[in-house]
Amino acid sequence: MWKGSLRILTMKKLRESVKRLFADIRQFGPAGIVFLVYYGLVHFFRTAFCPMISVTGLPCAGCGLTRAFLFLLQGQIGRAASINPMCFPIIAFLIYCGYFRYIRGTKIRWFPFFFALLLAVMLVFYAVRMYQYFPDRVPYVYTKNNVLANRVPGYQDLMDKVIQIIRASRS
């Protein structure tokens with residue numbers, strides 16, 4: 001009898017979790033459509049997916065995350081870590097949020113704190129990696145084919161000088 005009650009309770013919780021998931025999909029579906037349109041347009045008109053790279057030619061704080069997640073999906077943990085180790089705290093954060101939202105069905109505890117902490121760690125990590133590797137190690141490279149370089153006179157010369165100064169300071 002106890003096992004039957006547990007099974008009914010588990011099925012009820014599963015249905016509630018699925019309802020929350022579909023409610024979130026309905027709520028955020030338009031954002032997903034905008035993302036897919038952006039994705040299609042970027043791949044049609046530009047070579048880089050990231051808006052920051054497309055506009056400025058500079059890598060953003062999330063640079064390499066897509067590749068890192070793809071490497072994780074292929075089981076290549078070391079390669080994921082070498083491209084952008086921030087994929088691990090991001091996955092932990094998503095699991096944490098998913099646990100409260102879909103399994104417990106409650107408000108995500110400490111969400112603003114953990115989100116701010118994740119962003120702060122990500123920005124510090126970005127600054128350190130940019131200092132260590134920019135502009136010579138993928139993904140922390142400068143992309144010359146960007147909007148500012150193509151539209152703003154002197155931008156490409158400025159970036160070339162900045163990169164030259166950075167390289168000279170490392171010698």
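Assorted remarks:
- Filtering the range 95-134 to residues that are at pLDDT 90 or above, of a type in the set (A, V, I, L, M) and in contact with a helix residue (DSSP H, G or I) (Cβ under 7 Å, 6 or more places away or on another chain) leaves Ile108, Leu118, Val121.
- Residue count, the range 22-47 (criterion: modelled with pLDDT of 85 or more and either in contact with a Leu (Cβ under 8 Å, 6 or more places away or on another chain) or surrounded by 12 or more Cβ atoms within 10 Å (Cβ to Cβ) (or both)): 1
- The set of residues from the range 105-150 being of a type in the set (A, V, I, L, M, F, W, C) and on the phi > 0 side of the Ramachandran plot comprises just one member, Trp110.
- Number of positions in the range 64-84 that are more than 20 Å from Thr143 (Cα to Cα) and among the β-branched types (Val, Ile, Thr): 1
- Test: residue in the range 77-85 that is of a type in the set (A, V, I, L, M), touching a Leu at 6+ places or on another chain (Cβ under 9 Å) and within 15 Å of Leu148 (Cβ to Cβ): no
The values are calculated or read from the model by the stated rules, or taken from the named source; none is laboratory data. Quick caveat: nothing in here was measured; it's all calculated off a predicted structure. Reconstructed Cβ throughout: ideal geometry from the backbone, glycine too, with neighbour counts over all protein chains shown.
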